[in-house]
Amino acid sequence: QVQLVESGGGLVQPGGSLRLSCAASGSIFSIGAMGWYRQAPGKQRDLVAISTSGGRLNYADSVKGRFTVSRDNAKNTVYLQMNSLKPEDTAVYYCNAGVITTGFPSALEVWGQGTLVTVSS
């Protein structure tokens with residue numbers, strides 16, 4: 001019914017930048033919160049940054065001042081601009097969205113397939 005497709009991951013050197021994108025498509029009536037989580041090998045999936053439907057932005061302490069989340073509601077797309085990347089940012093990054101659909105079920109929490117970000121020299 002609803003799909004999230006991520007792009008923009010890859011290999012980058014420490015101190016470098018990457019921009020992730022996540023586009024939602026399908027039977028969408030509206031989207032509430034939309035954001036990013038990450039999971040490093042052997043660790044749990046943690047919140048990185050989220051944009052609420054009311055426009056509030058929340059960040060994990062570890063990325064504050066380096067990462068910026070933004071969204072284009074007309075395109076049902078959320079972005080994550082990552083600057084000053086560190087090796088500890090290496091993880092699979094997952095897009096997440098709370099979606100009100102035009103069909104049934106009427107509300108879904110949707111995850112993307114994940115995109116790998118590797119920070120290494």
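The values are calculated or read from the model by the stated rules, or taken from the named source; none is laboratory data. None of the values given here were measured: they were computed from a predicted structure. Virtual Cβ from ideal backbone geometry, glycine too; neighbours counted across all protein chains shown. Side chains are part of the model used for accessible areas, which takes the heavy atoms of the whole protein and leaves out ligands, DNA and RNA. Shrake-Rupley method; radii C 1.70, N 1.55, O 1.52, S 1.80 Å.
Accessible surface calculations at 1.4 Å, restricted to protein heavy atoms, place the chain at 52 Å² per residue.
Please return the longest stretch of the chain lacking exposed loop sites, where trypsin sites (Lys or Arg not before Pro) count only if DSSP places them in a loop and at most 14 other Cβ atoms lie within 10 Å.
Values: sites that count: LYS43, ARG56, LYS64.
The segment 65-121 is the longest one with no such site.
Of all lysines in the structure, those lying under 29 Å Cα to Cα from LYS43, and not within fewer than 8 positions of it along the same chain, are LYS64, LYS86. Between beta-carbons, use under 15 Å as the cut-off and find the net charge around ASN83, counting Lys and Arg +1, Asp and Glu -1. Surrounding charge for ASN83 is +2.
For the range 5-94, the calculated P(r), taken from all Cα-Cα distances in 10 Å bins from zero up to the bin holding the longest distance, is 16, 51, 27, 5 percent. A simple spin-label model places the labels of GLN13 and LYS43 2.4 nm from each other, with each point 7 Å out along Cα-to-Cβ. Residues whose amide H lies under 5 Å from that of ILE28, counting only those 5 or more places away or on a different chain, are THR102; hydrogens are built 1.01 Å from N in the peptide plane.
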